[in-house]
Amino acid sequence: MIREQREQILSEMGEAARKSGRQLSEIALMAVSKLHPYEEVLEAFGCGQRLFGENRVQEVQAKFPASLPEGMRLHLIGHLQTNKVRKILPLVQQIDSVDSLKLARKISDEAERSGLCMPVLLEYNTSGEESKSGFESPDELYRTLDVAADLGGIRIGGLMTIGPLGGSDDDLHRAFATLRELSERCRKRYPGLCFDTLSMGMSSDFAIAIEEGSTMVRIGTRLFGKRDYAK
Ligand SMILES: *Cc1c(COP(=O)(O)O)cnc(C)c1O
């Protein structure tokens, strides 16, 4: 089941890439395993899946072993409270949901204390939905980048967004184009920083995200099936 779904997703990713003159190899597939058991993570791993995403600190702690199988990479993709930073640092390889300067500072401080440098993405709210995390305006993002550029315990790798839920294709194109354009502006403004990663696109909108330049899609439902929130 997971194997077939994964093959199908990769094939659709390839199609969307070709449609926009890109190659599948430019786009990473992240398997979002939240609310699915570790056995399914291992099943996906057995099919060649290496990159996984989880959105809650507690679930990462409860579900994953302290040392991951060789080659497996795990990113935190959900909102992170500053008081949980210390707990999550040793458990993930990247934090894709940095949404404030305060959080960036906290991650950097804790990482430096542990003698490491944590790769991060900055989350931007492209949909304007208040329920979503993420920086709300370019200026707010720049104010954080001005400071975060000099933080020694984090390494910025790009931007992340969640598209408008239930949005039309036009809305989705607009949101993802906003992130791509913002990343291009960041590149010019901060030539010393890296903005190679554009993490955008989920089960229902990844093809559109790829057409707009996504380099990382985050797929849960299409890969693992529906999540049971009652659990
Ligand atoms: C749950 C989640 C996803 C995956 O969503 P699906 O629609 O199930 O593919 C992607 N990104 C984030 C930040 C998530 O929390």
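The values are calculated or read from the model by the stated rules, or taken from the named source; none is laboratory data. Since we're looking at a predicted model, the values are computed, not measured. Here Cβ is always computed from backbone atoms with ideal geometry, including for glycine, and neighbour counts include all displayed protein chains. Quick note on the areas: whole protein, heavy atoms, side chains included, nothing else; ligands and nucleic acids left out. Shrake-Rupley method; radii C 1.70, N 1.55, O 1.52, S 1.80 Å.
Take the residues in segment 153-169 that are over 16 Å from the mean Cα position of the chain (by Cα) and open to solvent by 10 Å² or more (accessible area, probe 1.4 Å), then tell me which one is nearest to Pro119 (Cα to Cα).
Within segment 153-169, the subset over 16 Å from the mean Cα position of the chain (by Cα) is 153, 165-169.
Still in the list and also open to solvent by 10 Å² or more (accessible area, probe 1.4 Å): 165-169.
Values: Leu165: 27, Gly166: 31, Gly167: 30, Ser168: 33, Asp169: 31 Å.
The selected residue is Leu165.
Would you check which residues across segment 215-226 are in contact (Cβ under 8 Å) with a residue 40 or more places away in the chain and touching a Ser or Thr at 6+ places or on another chain (Cβ under 7 Å) and list them?
Looking only at segment 215-226, we keep the residues that are in contact (Cβ under 8 Å) with a residue 40 or more places away in the chain, and these are 215-220, 222-225.
Once the filter is applied, which keeps residues that are in contact (Cβ under 8 Å) with a residue 40 or more places away in the chain and touching a Ser or Thr at 6+ places or on another chain (Cβ under 7 Å), segment 215-226 yields Thr215, Met216, Arg218, Ile219, Gly220, Arg222, Phe224.
If a residue must be within 13 Å of the ligand (Cβ to nearest atom) and either closer than 23 Å to Val85 by Cβ or among the small types (Gly, Ala, Ser) (or both), how many such residues does segment 36-56 contain?
The number of residues fulfilling the criteria is 6.
Considering every residue within segment 142-152, establish whether at least one is crowded, with 20+ Cβ neighbours inside 10 Å and among the hydroxyl-bearing types (Ser, Thr, Tyr).
Yes, segment 142-152 contains a residue that is crowded, with 20+ Cβ neighbours inside 10 Å and among the hydroxyl-bearing types (Ser, Thr, Tyr).
So Leu165 fits all but one of (1) under 21 Å from Gln23 (Cα atoms); (2) of a type outside the set (Asp, Glu); (3) touching a residue at least 24 places away in the same chain (Cβ under 8 Å); what number is the exception?
Of everything listed in (1) under 21 Å from Gln23 (Cα atoms); (2) of a type outside the set (Asp, Glu); (3) touching a residue at least 24 places away in the same chain (Cβ under 8 Å), Leu165 misses just condition (1).
Contact list please: Cβ distance under 6 Å, first residue in segment 61-89 and over 19 Å from Cys117 (Cα atoms), second residue modelled with pLDDT under 95 and surrounded by 14 or more Cβ atoms within 10 Å (Cβ to Cβ), pairs at least six apart or on different chains.
Listed pairs, sorted by first residue: His79/Ser133.
Select from segment 182-202 the residues that are away from the ligand (no atom under 11 Å from the Cβ) and either in a loop (DSSP other than H, G, I, E, B) or open to solvent by less than 20 Å² (accessible area, probe 1.4 Å) (or both) and list them in ascending order. Spell out the reasoning first.
Of the residues in segment 182-202, the ones away from the ligand (no atom under 11 Å from the Cβ) are 182-198.
Matches in segment 182-202: Leu182, Ser183, Cys186, Tyr190, Pro191, Gly192, Leu193, Cys194, Phe195, Asp196, Leu198.
Please specify each residue of segment 203-231 satisfying the condition of being more than 8 Å from the ligand (Cβ to nearest atom), of a type in the set (A, V, I, L, M) and not in a strand (DSSP E or B).
Ala207, Ile208, Ala209, Ile210, Ala230
Examine segment 114-136 for a residue that is in a helix (DSSP H, G or I) and open to solvent by 40 Å² or more (accessible area, probe 1.4 Å), and state whether such a residue exists.
In the first step, residues of segment 114-136 are kept if they are in a helix (DSSP H, G or I); the result is none.
Taking every residue of segment 114-136 in turn, none turns out to be in a helix (DSSP H, G or I) and open to solvent by 40 Å² or more (accessible area, probe 1.4 Å).
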